[in-house]
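Accompanying notes for the structure given below.
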Amino acid sequence: MKTKHIQYQTQGTCSQLIDVTADENDVIQQVFFLGGCNGNLQGISKLVCGQKIDDVISRVSGIRCGSKLTSCPDQLSRALEQLKNAPLEDK
């Protein structure tokens with residue numbers, strides 16, 4: 001199976017990094033957040049695994065955290081936009 005993988009440096013959130021992998025059909029295989037609200041981010045990770053990249057982007061893009069202009073879910077959507085264009089690699 002071929003996969004694509006990125007590590008995305010977040011901006012404007014408590015989490016600092018999102019590590020995300022998808023398969024050749026753009027189905028998310030795993031998501032790890034570094035930093036942030038551990039329980040919430042574990043929950044988000046579990047909910048998006050097995051979902052299509054575009055479906056997750058449409059659901060979480062633009063979510064804000066309090067008065068911040070972004071959130072961890074919004075940052076995930078930005079990471080997924082980059083992941084869509086990442087090269088496929090043999091796993």
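May I ask you to list the residues in region 14-31 that are open to solvent by less than 30 Å² (accessible area, probe 1.4 Å) and polar (S, T, N, Q)?
Ser15, Thr21, listed by residue number.
So, of the residues in region 1-53 that are free of Cβ contacts under 8 Å to residues at least 40 places away in the same chain and part of a loop (DSSP other than H, G, I, E, B), which turns out to be nearest to Ala86 (Cα to Cα)?
If we take residues in region 1-53 being free of Cβ contacts under 8 Å to residues at least 40 places away in the same chain and part of a loop (DSSP other than H, G, I, E, B), then Asn25 is nearest to Ala86 (Cα to Cα).
The values are calculated or read from the model by the stated rules, or taken from the named source; none is laboratory data. Computed from a prediction, not measured in an experiment: that's the story for all the values here. Note that we place each Cβ from the backbone using ideal geometry, even for glycine, and neighbour counts take in every protein chain shown. With ligands, DNA and RNA removed, areas are computed over all heavy atoms of the protein, side chains included. Shrake-Rupley method; radii C 1.70, N 1.55, O 1.52, S 1.80 Å.
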